[in-house]
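What follows is calculated from the coordinates using simple rules that are stated; it is not laboratory data. Computed from a prediction, not measured in an experiment: that's the story for all the values here. Quick reminder, even Gly has a Cβ in these numbers, built from the backbone with ideal geometry, and neighbours come from all protein chains shown.
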Amino acid sequence: MQMIDNTCEKEYSCEETFALLDEYIELSLTNKEAAALMPLVKQHIGMCPDCREEFEALLLAMQGQSPSLP
Amino acid sequence: MNRTNEQWLNALQGPSPAHDAAIADLRQILVAGLQRGLLGQVNTSAPEFESLAEDFVQEALLKIVDKLATFAGRSQFTTWAHKIALSVALTELRRKRWQDKSLDGIMDVDEGDYTPSFAADKSPLPHNQVERREVMARVERLIREELTDKQRAALTAIVIEERSAAETAAMLDMKANAVYKLLHDARLRLKHRLAAEGLSSAEIISVFS
Ligand SMILES: [Zn+2]
């Protein structure tokens, strides 16, 4: 039910989310308000298990080498 | 050895000694990235992992070189490359997982006549059992009336059976990236229909909380 409640008229597709995922991750890692800047990415990740899995894996991969981030 | 985005792109674009060096470096970076990124998915310290990761990265490198022109430069090049490598790996792992699972399905015979219920997600105990049952019946009727067979099948597979989009797509003979769209349409239809019936989903949630 929560899922239906969280449904928006306009949502990103998996492709649109994937296209922005690297940018979104870097924003998340540099503590900027990634969710506020890219709310549709955040919304999709909340709803789509496959994209969430990719987000979490990328976050793990990036965190291990974060000292070199801008 | 840290390259700027421009240096990566230049090096990877054409055949040159710089190209080979960049590929070798990127390969190393991506294998290490998979090792960290897949920690929760597979046993990354198993001896088999290395060759698996190298296969994934090999496929990812082909994709990366092929898609160089689509890199928009809004992130570090290596972040973008990690994203592609992880996507290759996770897609493949999911495929393997559900292929194994579908074999399990053949081996195990399900007992009992458990009927999945859409409204029975992980909600806490209701205040009012009767009210809850009535609302559930209404929601299930809407699902029957409002959704296409395909939407219903996708909803069952993903929400109740917790299958991945890739697996659901294979079951329904459609592309994985179309599954999310199908579900979005389904959720939207239910939301509109609930609203039309004067039943807000927030209200329904409150019945279940
Ligand atoms: Zn998705």
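Residue-wise HN-Hα couplings along the range A:46-53, as the Karplus relation 6.51 cos²θ - 1.76 cosθ + 1.60 with θ = phi - 60° gives them from phi, are x, 9, 10, x, 5, 5, 5, 4 Hz; Gly and Pro carry x.
From the alpha carbon centroid of the range B:5-78 to that of the range B:128-195 is 37 Å. Averaged over the residues of peptide B:182-193, the number of Cβ atoms from other protein chains lying within 10 Å of each residue's Cβ is 4. Each Lys or Arg adds one and each Asp or Glu subtracts one; over the other residues with Cβ under 14 Å from the Cβ of residue B:181, this totals -1. Taking every residue in B:85-92 and counting other chain Cβ atoms within 10 Å of its Cβ, the average works out to 4. Pairwise alpha-carbon distances in the protein assembly as shown exceed 32 Å for 36% of all pairs. Computed from the C-alpha gyration tensor, the three semi-axes of the ellipsoid equivalent to the range B:5-103 are 27, 14, 12 Å, from longest to shortest.
Each stretch of four or more DSSP H residues adds -39500 (n - 2.57); spread over every residue of the protein assembly as shown, this sum gives -22000 deg cm²/dmol at 222 nm. Counted by Cβ distance under 15 Å from residue A:32, the other residues give a net charge of -2, where Lys and Arg count +1 and Asp and Glu count -1.
Classify the range A:12-62 from the C-alpha gyration tensor, please: rounded if a/c falls under 1.5, else prolate or oblate depending on whether a/b exceeds b/c. The shape class here is oblate.
Amide H contacts under 5 Å for residue A:13: none, restricted to partners 5 or more places along the chain or on a different chain, H placed in the peptide plane at 1.01 Å from N. Under the criterion of Cα pairs below 8 Å and six or more residues apart, the relative contact order for chain A equals 32 percent.
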